[in-house]
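In what follows, a single structure is set out as structure tokens and then discussed.
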Amino acid sequence: MRGRVRLLRAWLAALLAVGLPGAGIASRPASAASSSEASYGLRLWQTDDGLPRNSVQAVAQDADGFLWVGTQRGLVRFDGVRFVPVAAQGDFHEALARHPVRALQVTRDGHLLVALDGGGLWQRRAAGAFVRLALAADPEAAFVRTVLETRDGTMWAGTAAGLFRRTAAGWRRIRMHDGGRPSVFAIGTDGADRVWVGLQAGLARVAEDGESLQIVVGSAAHGPVTSVAEDPAGRLWAASRDGLLRVDRAGEVPRVIAVGPRERVRLLHVGADGQVWLGTDTGIRQLRDDERWVTPTGLAGVEAIALALGEDREQNLWVGTNAGLYRVRAGQFRTVATADGLPRGVALAVREDRAGAMWVGTWGGGLVRLGEGAPRTFSTADGLPDARVFALLEDRRGTLWAGTDAGLARLDAGRVRLVPAPGTPAPLRVRLVAEDRVGTLWVGTMQGLFRRDEDRLVPVPLPGVAPGTPVRAVVEDRRRRLWVCAGESVFRADDRERRQVRRLHAVGSTIHAAWLDHRDVLWLGTAAGLVRIDDTGAFAFTPAHGLAIEEVVALAGDDADRLWLSTKRGLVRTSRSGLDAVASGRGAPLVLATYGARDGMLSTEGTSEASPGAWRRGNGELWFATTRGVVVVPPSTGEPARVPPPIVLEEVLVDGRAVAVAGEVRIPPGSRTLEVRYTAPSFAAPEKVRFRHRLDDFAPTWADAGDRRVATYTNVPPGRYTFQVMARNEEGVWSESPAGLRVAVAPRFVQTPLFAGLCLLGLAGAAWGTYAVRMRQMLARLRAVKAERNRMAREIHDTLLQGVAGIGFQLEAARHRLHRDPDGAAQVLDRVSAHVDSCLGDARRSVRNMRSAWLDGQPLAAALAESGRLLATGKVHLEVHEHDWPAALERDLEDQIFRVAQQAIANAISHANASRIDVTLIGAPRALRVAVADDGCGMAEAAGGDDRPRFGFIGMRERARQLAARLHVDSTPGRGTRVELIVPLGLAGRVRRAWHRRHPAIEPAATRMGA
């Protein structure tokens, strides 16, 4: 091996000594980009943008489109807009905090491998957890520098302790033929699926048995091989400290290509387009087919140490450096500038001649012809009246006309001649030269409109236009009508002699340029935007239509029916059919594609006051004049992007709390806010990605979210929904299919069918209850009326009738004594009079349901004795006995007992012909006993023997029932009657109150009684 190294050193020394072409060319500085070279756009992200550290050492893109970025102190996920730190936990969190990320690899099954320099190899599982992969017990095996998965799925890891291959049994170390353990820096494969390894000692290859390493090139003199890759031509490239090793085929002596004496090659990358890139200590370089290393146009700003190179699906090159993360994107356009032959940077007018050469009028640099061979410049030394060329025209005879600030010049056969303009006080400041179908030349100047007549310029007046109004456009349509644009006005001459020029429209802002399409629709670029004119009138597009641009200075149409606008802020492309639809009032807002510096424009500012400022070549290219050269748009520009933006649902929050996104998202009852966060990893133009979303059955129409990456819904009713979101890239291409999320909003109990059913049952029950209550109230009222009737009947029977009966007895007694004892009869009549007053009082009290007058001022026993003696009139002996009777009772209870006993006494006097009546009142702790016994004739039945109503007996039973008392009637014909009332003291009051609640008092009603 040492001999091979000495041979390589000697070969390299000889190569550099004789100055072979490869070495000499490589040592020259990079040349400027020619008109055929692509330019590149740069963008830089640093810690202020969300990176954990500016030193980016690894990049990789996963299956969802996210870019994973590893730094010296952290790992983040990038979607083009936001850097999201990895939520590391446990051992991986500690390892990530102590060790830098050295390499990243996404496996075929979607797992992310993270190689930490000193922290081992880790695998990110689907759930986001990180698991360490144990390579070996050797501590140096924790210094993982590179990791690779080959096409057959085999995993390889390069460490300071050697090369490891993953097998079914675990990780297996691959040793050198001599048994050594080399320090590995890089792993790569070739087209034959052979594994190449960059070592400290050179470039090696895994043997066919897969168990050992074979040194192919020893490069100890150049330092370690830090990167290995194969280009589409089958050439294997290996980067080392001093340059590259190229291996054309196995066994060939490698050829060494030196980059330069001051640059160290750290990395190389072969892009999907076959382009070979180098990362050095001073930036990035590109390998050309002639084996020259150049710094492409636009990449001179990368002045940092390249630490990582990678490429995404959109063919953006990512460069990790010690100064941050760079995105390198090939511009869709190229710019023809001073390096390509323009004498000055500011281009004014562009036009193609019939030979296919392009003519460019410049500001101060004259006129230049770009065609086969070297550029040809015409200046004032060649006869141009001024070096500022604002207008160009090639007429039907092939003569080139150039308008300058000092007049109109004619180029014919290489000679330049000035066209005279007699009668003008100063040289004409020409801004436009046009030719109609009959060959008449029209010249628009800052002083007005002129027509060429026999090699002289004749002024053409425009009605209503002030002198000195600049003329910016003259075009002829298919009907041979001549359109003239001056200031803010549009004129048209319909006659073939062009003698009648009339004003048609005033667009409200200065007209910069005009373009007529094949349908005779005139498009105007103005200081306020875009105006469309056809036979129906003029239509000005506004930001409400989706065209939020100003200062349109040039227009051109391409072969795909699209309109290109050159503005002061870049190029804008949109569909002409979309513009037509908006102008007719039936179209949706316009979809615009905007282009700027990232697409290869050295300047985004288009130049005005020149014609034509835009030109479509015969090969389909579009040329636009800018303040830094001419921007060339290839015919394929604007084709739909190959990679539509993928949609990823990141997080779901319910009332601010994160919930799991996997499967169906279940939202608990009572939640108010549903928030879905999503993104679309896209890196070509992430700031131009637009979104739309909807929630089926709640917000079923697509809602335009703009660039917002969150959807918020409030007060979503219970049910099952599907959330859908789509993304659109900068070219207007939507995602192939929406990303969906099933959402189930759980109802509160009051929102469930069970609750609704219970409510229906409750309503039915309430209705039935209301009906039942109403019926019970009606029934209670009827019962109350009946009870009142019965009460009145009882009261009349117990008071008024008995009183009247007593009066009758007394009057009968007075009649018998009237002749024989007038004084006694008078006393009887006095008692009758007093009794009449008492009866009247009882009648009034009965109507008012008040207490009997007998009980006023005397106990129950005395009241019974007095009322009984009044009824007896001396014929019946009445005695009242009292045993332990309470001194005071409830008034209602005492009144009811009095009425029952009084009725029993009255029955004995009136119906039993009794001569003796005994009333016994017995008090006890639990009950009261009232007994009325007589020695009369008795009754056949306890309730009476005939069918006539016996209101006295009925009243006694009803009063007993009200008192919850027991009424016993014991009667034997010929042996008297005993009536006993037993009133339980503990229950009587409660029952009586309950009875009164069921039978509320009502107004007294008239009661009709039978005889």
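For region 547-564, enumerate the residues that are out of contact with any Lys or Arg (no Cβ under 8 Å at 6 or more places or on another chain), within 15 Å of Thr594 (Cβ to Cβ) and surrounded by fewer than 17 Cβ atoms within 10 Å (Cβ to Cβ).
If the condition is that a residue be out of contact with any Lys or Arg (no Cβ under 8 Å at 6 or more places or on another chain), within 15 Å of Thr594 (Cβ to Cβ) and surrounded by fewer than 17 Cβ atoms within 10 Å (Cβ to Cβ), then Ala548 is the only one that fits.
With respect to Gly341, determine if the residue is of a type in the set (Gly, Ala, Ser) and out of contact with any Gly (no Cβ under 7 Å at 6 or more places or on another chain). Show your work before the answer.
Values: of a type in the set (Gly, Ala, Ser): yes; out of contact with any Gly (no Cβ under 7 Å at 6 or more places or on another chain): yes.
So Gly341 fits the description; yes.
Looking at (1) without any contact (Cβ under 8 Å) to a residue 12 or more places away in the chain; (2) over 26 Å from Gly487 (Cα atoms); (3) in a loop (DSSP other than H, G, I, E, B), which is the one condition that is false for Pro589?
Every condition holds for Pro589 apart from (1).
Would you mind finding the one in Asp117, Asp138 that is closer than 15 Å to Gln57 by Cα, of a type in the set (Asp, Glu), out of contact with any helix residue (DSSP H, G or I) (no Cβ under 7 Å at 6 or more places or on another chain) and surrounded by fewer than 21 Cβ atoms within 10 Å (Cβ to Cβ)? Give the steps one after another, and end with the answer.
Values: Asp138 fails: closer than 15 Å to Gln57 by Cα.
Answer to the selection: Asp117.
Counting only residues that are among the charged types (D, E, K, R), in contact (Cβ under 8 Å) with a residue 24 or more places away in the chain and within 19 Å of Leu245 (Cα to Cα), which one in region 282-338 is surrounded by the fewest Cβ atoms within 10 Å (Cβ to Cβ)?
Filtering region 282-338 down to residues among the charged types (D, E, K, R) leaves 285, 288-292, 303, 311-314, 327, 329, 334.
Cutting the leftovers down to in contact (Cβ under 8 Å) with a residue 24 or more places away in the chain gives us 285, 290-292, 311-314, 327, 329, 334.
Among the residues that remain, those that are also within 19 Å of Leu245 (Cα to Cα) are: 285, 290-292.
On the way: Arg285: 25, Asp290: 9, Glu291: 16, Arg292: 17.
Result: Asp290.
Within region 524-539, can you find the residues that are more than 11 Å from Ala473 (Cα to Cα) and among the hydrophobic types (A, V, I, L, M, F, W, C)? Quick ask: steps written out before the conclusion?
Initially, region 524-539 is screened for residues more than 11 Å from Ala473 (Cα to Cα), giving 526-539.
Correct list: Ala527, Ala528, Leu530, Val531, Ile533, Ala538, Phe539.
Name every residue in region 717-773 that is among the aromatic types (Phe, Trp, Tyr) and surrounded by fewer than 14 Cβ atoms within 10 Å (Cβ to Cβ), in order of residue number. I'd like the intermediate steps shown before the answer.
If we filter region 717-773 for residues that are among the aromatic types (Phe, Trp, Tyr), which is where we start, we get 721, 723, 734, 749, 755, 768, 771.
If the condition is that a residue be among the aromatic types (Phe, Trp, Tyr) and surrounded by fewer than 14 Cβ atoms within 10 Å (Cβ to Cβ), then Phe749, Trp768, Tyr771 are the ones that fit.
Residues to consider are Arg480, Arg437, Arg519, Arg502; find the one that is loosely packed, with under 13 Cβ neighbours inside 10 Å, in a loop (DSSP other than H, G, I, E, B) and under 57 Å from the mean Cα position of the chain (by Cα). Working first, answer last.
On the way: Arg480 fails: loosely packed, with under 13 Cβ neighbours inside 10 Å; Arg437 fails: under 57 Å from the mean Cα position of the chain (by Cα); Arg502 fails: in a loop (DSSP other than H, G, I, E, B).
None of the other options fit; the residue is Arg519.
For Asp704, which of the numbered conditions (1) surrounded by 14 or more Cβ atoms within 10 Å (Cβ to Cβ); (2) assigned to a strand (DSSP E or B) fails to hold?
Only one criterion in (1) surrounded by 14 or more Cβ atoms within 10 Å (Cβ to Cβ); (2) assigned to a strand (DSSP E or B) is unmet by Asp704, namely (1).
Go through region 109-139 and give me each residue that's more than 12 Å from Asp91 (Cβ to Cβ), at pLDDT below 90 and either under 39 Å from the mean Cα position of the chain (by Cα) or not assigned by TED's automatic domain parsing to the domain that holds Asp152 (or both).
Listed by number, the residues that qualify are Asp109, Gly110, Arg125, Ala126, Ala127, Gly128.
Which one is modelled with the lowest pLDDT among residues in region 928-976 that are over 21 Å from Ile917 (Cα atoms) and part of a loop (DSSP other than H, G, I, E, B)?
Taking the candidates together, the pick is Gly945.
Mind listing whichever residues of region 522-545 are without any contact (Cβ under 8 Å) to a residue 24 or more places away in the chain and crowded, with 16+ Cβ neighbours inside 10 Å?
Scanning region 522-545 gives Ala528, Gly529.
Only one of these conditions is not met by Ala727: (1) part of a helix (DSSP H, G or I); (2) modelled with pLDDT of 90 or more. Which number is it?
Here Ala727 clears every test but (1).
Yes or no: region 621-630 includes at least one residue that is on the phi > 0 side of the Ramachandran plot and crowded, with 22+ Cβ neighbours inside 10 Å. First the steps, then the outcome.
Our first condition is that a residue be on the phi > 0 side of the Ramachandran plot; within region 621-630, this holds for 629.
Adding the requirement that they be crowded, with 22+ Cβ neighbours inside 10 Å leaves 629.
Yes, that holds for at least one residue.
For region 381-402, enumerate the residues that are touching a residue at least 60 places away in the same chain (Cβ under 8 Å) and either of a type in the set (Gly, Ala, Ser) or not assigned by TED's automatic domain parsing to the domain that holds Pro612 (or both).
Answer for region 381-402, where residues must be touching a residue at least 60 places away in the same chain (Cβ under 8 Å) and either of a type in the set (Gly, Ala, Ser) or not assigned by TED's automatic domain parsing to the domain that holds Pro612 (or both): just Ala391.
Take Asp918 and decide whether it is of a type in the set (Asp, Glu), at pLDDT 85 or above, in contact with a helix residue (DSSP H, G or I) (Cβ under 7 Å, 6 or more places away or on another chain) and more than 21 Å from Asn790 (Cα to Cα). Break it down into steps so the answer makes sense when it comes.
Details: of a type in the set (Asp, Glu): yes; at pLDDT 85 or above: yes; in contact with a helix residue (DSSP H, G or I) (Cβ under 7 Å, 6 or more places away or on another chain): no; more than 21 Å from Asn790 (Cα to Cα): yes.
Taking the combined requirement at face value, the residue does not satisfy it.
Within region 265-281, which residues are touching a residue at least 40 places away in the same chain (Cβ under 8 Å) and either basic (Lys, Arg) or assigned to a loop (DSSP other than H, G, I, E, B) (or both)? Before the answer, list the steps.
In the first step, residues of region 265-281 are kept if they are touching a residue at least 40 places away in the same chain (Cβ under 8 Å); the result is 266-274, 276-277, 279.
Matches in region 265-281: Arg266, Gly271, Ala272, Asp273, Gly274.
Among the residues of region 565-586, write down those that are within 14 Å of Ala548 (Cα to Cα), crowded, with 18+ Cβ neighbours inside 10 Å and over 31 Å from the mean Cα position of the chain (by Cα).
Leu565, Ser566, Thr567, Gly570, Leu571
Of the residues that sit in region 658-713 and are among the acidic types (Asp, Glu) and either assigned by TED's automatic domain parsing to the domain that holds Trp68 or under 21 Å from Ala593 (Cα atoms) (or both), which one is farthest from the chain's Cα centre (by Cα)?
First pass over region 658-713, keeping only residues among the acidic types (Asp, Glu): 664, 675, 687, 696-697, 704, 707.
From what is left, the residues that are either assigned by TED's automatic domain parsing to the domain that holds Trp68 or under 21 Å from Ala593 (Cα atoms) (or both) are 687, 704, 707.
Details: Glu687: 18, Asp704: 10, Asp707: 11 Å.
Out of the qualifying residues, it is Glu687.
Name the strands (runs of 3 or more DSSP E) wholly inside region 171-233 in which the number of residues that are modelled with pLDDT under 85, farther than 25 Å from Gly118 by Cα and in the same structural domain as Leu148 (by TED's automatic domain parsing) is 3 or more. Outline the logic, then answer.
Details: elements: 184-189, 195-199, 202-206, 212-218, 227-230.
Filter on region 171-233 gives 212-218.
Let's see how each residue does on (1) among the charged types (D, E, K, R); (2) out of contact with any strand residue (DSSP E or B) (no Cβ under 9 Å at 6 or more places or on another chain); (3) closer than 22 Å to Arg437 by Cα:
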site	(1), (2), (3)
Val475	no, no, yes
Val484	no, no, yes
Gly508	no, no, no
Ala528	no, no, no
Asp535	yes, yes, yes
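Condition first: surrounded by 15 or more Cβ atoms within 10 Å (Cβ to Cβ) and farther than 16 Å from Glu211 by Cα. Now tell me which residues in region 151-177 satisfy that.
Across region 151-177, the qualifying residues are Thr159, Ala160.
Restricting to region 54-71, what's the tally of residues that are more than 12 Å from Pro681 (Cβ to Cβ) and out of contact with any Leu (no Cβ under 7 Å at 6 or more places or on another chain)? Before the answer, list the steps.
Just the residues of region 54-71 that are more than 12 Å from Pro681 (Cβ to Cβ), to begin with: 54-60, 69-71.
Next, only the ones that are out of contact with any Leu (no Cβ under 7 Å at 6 or more places or on another chain) stay: 54.
The qualifying residues number 1.
The values are calculated or read from the model by the stated rules, or taken from the named source; none is laboratory data. Keep in mind it's a predicted model, so treat the numbers as computed, not measured. Positions of Cβ are generated from backbone atoms using ideal geometry, with glycine treated the same way; all protein chains shown enter the neighbour counts.
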